[in-house]
Amino acid sequence: MQANGLDLSLFQFDFDLTFAAFFLNADKTIYGRFGTRSDQKDAMREMSMEGFARALEGALRIHSRFPSNRKILAGKRGAPLRYRVPELFPSLKGRFTAKLSKQQPARSCMHCHMVGAAMRKVYRSSRKPIPEDVLFPWPLPSVVGLRLDPKQMATVKEVARGSAAERAGLRSGDQLLSLSGQPLLSIADVQWVLHRTRATDRVSARVRRGTKELDVELALKPGWRSGGDISWRTTTWDLRRMATGGLVLEDLADAQRLKTKLGTRELALLVKHVGQYGEHAVAKRAGFQKGDIIVEVPGLRGRSSETDYLATILASKMRGDSMLIGVLRRGRRLELRLRLQ
């Protein structure tokens with residue numbers, strides 16, 4: 001996908017996607033969105049052609065009622081962003097123009113993930129914490145306990161125990177007709193509503209269950225958004241530069257913890273990769289090595305994921321700060337100092 005000259009007042013979507021589609025009226029009213037992702041390797045795990053076809057059919061039904069339904073569709077469009085087009089972001093300005101260069105089309109092409117990364121850099125370069133909704137954009141339905149059927153139109157496949165969705169009374173087989181008053185065509189529409197939902201909120205849902213329609217409400221607790229995983233996102237590569245100095249981390253498996261005499265509840269992040277070049281080689285220059293196990297990080301307690309690490313450090317440490325990190329290397333305990341970017 002090419003983002004040069006993209007109208008960000010209209011086209012707001014998950015910039016980490018491989019595929020994204022908008023269903024639009026000629027007057028630019030948005031009927032819905034399609035496209036999602038939850039995995040680095042399998043871009044199509046949460047999508048299917050069957051689901052796309054059903055979303056198209058749903059968009060035509062919405063169109064058949066237009067413009068009488070214009071009011072309920074207003075929430076499909078977000079407020080204008082700070083920068084009208086991507087090339088105005090400070091980190092992209094001067095590097096890209098609104099149109100591709102005929103002489104260098106590949107180098108002049110702005111990828112969509114660059115826009116997502118630029119949004120975060122606005123805060124980081126100003127020495128401000130990255131807001132939770134920017135750090136955890138476009139939450140998947142799983143953060144509220146829902147897994148949707150990729151072959152259907154916003155239809156519940158599974159409900160996680162103890163989740164907000166279970167507490168609301170949602171069940172497998174329910175079709176989500178609307179969320180926060182907005183009609184739904186796909187998983188992407190659910191993500192759009194969650195993306196714009198506050199840190200604590202109550203989200204209303206209209207559900208079709210068999211031949212009946214009913215109203216339910218999801219009560220979201222503080223921190224609900226941070227329950228998602230961002231490690232698969234392309235834009236997380238730049239977060240690693242900021243917070244890990246170019247390390248890729250993974251929670252140490254139980255079998256490996258047993259071998260290294262680490263408990264199952266302790267912090268133990270395995271260094272899977274060490275960046276080798278430029279700003280992604282800061283950790284390398286600080287002495288980190290592939291195979292190191294990180295066992296102590298300021299502000300991080302107990303068993304944690306790479307996402308937990310990123311969220312903690314990016315909320316508490318600013319550009320230019322440094323911190324001591326405890327590392328286990330071949331049974332020996334070390335302390336390494338990492339300067340943050």
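See the values below:
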| item | result |
| --- | --- |
| Given (1) surrounded by fewer than 20 Cβ atoms within 10 Å (Cβ to Cβ); (2) modelled with pLDDT under 95, number of the condition residue 60 does not satisfy | (2) |
| Selected residue [assigned to a loop (DSSP other than H, G, I, E, B) and surrounded by 13 or more Cβ atoms within 10 Å (Cβ to Cβ)] from 233, 240 | 233 |
| Residue count for the range 15-47, restricted to those that are in a loop (DSSP other than H, G, I, E, B), without any contact (Cβ under 8 Å) to a residue 60 or more places away in the chain and at negative phi | 10 |
| Any hit, the range 300-312, residues being surrounded by fewer than 15 Cβ atoms within 10 Å (Cβ to Cβ), assigned to a loop (DSSP other than H, G, I, E, B), in contact with a strand residue (DSSP E or B) (Cβ under 8 Å, 6 or more places away or on another chain) and modelled with pLDDT under 95 | no |
| Count of residues meeting criterion [modelled with pLDDT under 95 and over 17 Å from the mean Cα position of the chain (by Cα)] in the range 221-245 | 2 |
| Counted residues, the range 139-159 - those being within 18 Å of residue 209 (Cα to Cα) and either over 20 Å from the mean Cα position of the chain (by Cα) or of a type in the set (Ser, Thr, Tyr) (or both) | 8 |
| Residue check, residue 294 modelled with pLDDT of 95 or more and within 16 Å of residue 268 (Cβ to Cβ) | yes |
| Any chance residue 99 is assigned to a loop (DSSP other than H, G, I, E, B), at pLDDT below 95 and either in the same structural domain as residue 180 (by TED's automatic domain parsing) or exposed (fewer than 15 other Cβ atoms within 10 Å of the Cβ) (or both) | yes |
| The range 191-207, residues that are crowded, with 18+ Cβ neighbours inside 10 Å and among the β-branched types (Val, Ile, Thr) | 193, 197, 203, 207 |
| Qualifying positions in the range 55-94 - under 25 Å from the mean Cα position of the chain (by Cα), more than 18 Å from residue 22 (Cα to Cα) and of a type outside the set (A, V, I, L, M, F, W, C) | 82, 83, 84, 86, 87, 90, 91, 93 |
| Filter result for the condition that a residue is at pLDDT 95 or above, closer than 24 Å to residue 340 by Cβ and of a type in the set (Lys, Arg), over 65, 120, 124 | 120 |
| Criterion: out of contact with any Ser or Thr (no Cβ under 9 Å at 6 or more places or on another chain) and farther than 20 Å from residue 135 by Cα - qualifying residue of 256, 341 | 256 |
| The one condition in (1) in contact (Cβ under 8 Å) with a residue 12 or more places away in the chain; (2) over 26 Å from the mean Cα position of the chain (by Cα); (3) more than 29 Å from residue 123 (Cβ to Cβ) that residue 263 fails to fulfil | (1) |
| Close pairs from the range 74-93: first in the same structural domain as residue 28 (by TED's automatic domain parsing) and part of a helix (DSSP H, G or I), partner surrounded by 15 or more Cβ atoms within 10 Å (Cβ to Cβ) and among the aromatic types (Phe, Trp, Tyr), Cβ under 9 Å, at least 6 apart | 75/192; 76/31; 76/192; 86/96; 87/96 |
| Breaking point among (1) farther than 17 Å from residue 150 by Cα; (2) at pLDDT below 95; (3) in contact with a strand residue (DSSP E or B) (Cβ under 9 Å, 6 or more places away or on another chain), for residue 13 | (2) |
| Scope the range 112-158; condition among the small types (Gly, Ala, Ser) and in contact with a Lys or Arg (Cβ under 6 Å, 6 or more places away or on another chain); matching residues | none |
| Residues of the range 269-291 satisfying the condition of being under 21 Å from residue 332 (Cβ atoms), in a loop (DSSP other than H, G, I, E, B) and either out of contact with any strand residue (DSSP E or B) (no Cβ under 9 Å at 6 or more places or on another chain) or without any contact (Cβ under 8 Å) to a residue 40 or more places away in the chain (or both) | 290, 291 |
| Residue match in the range 256-268 (condition: surrounded by 14 or more Cβ atoms within 10 Å (Cβ to Cβ), at pLDDT 95 or above and of a type in the set (Asp, Glu)) | yes |
| All positions within the range 313-341 that are within 22 Å of the chain's Cα centre (by Cα) and either assigned to a helix (DSSP H, G or I) or β-branched (Val, Ile, Thr) (or both) | 313, 314, 315, 316 |
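The values are calculated or read from the model by the stated rules, or taken from the named source; none is laboratory data. It should be emphasised that the depicted structure is a prediction, and the values quoted were computed from it without experimental measurement. FYI the Cβ positions are ideal-geometry reconstructions off the backbone, even for glycines, and counts take in every protein chain you see.
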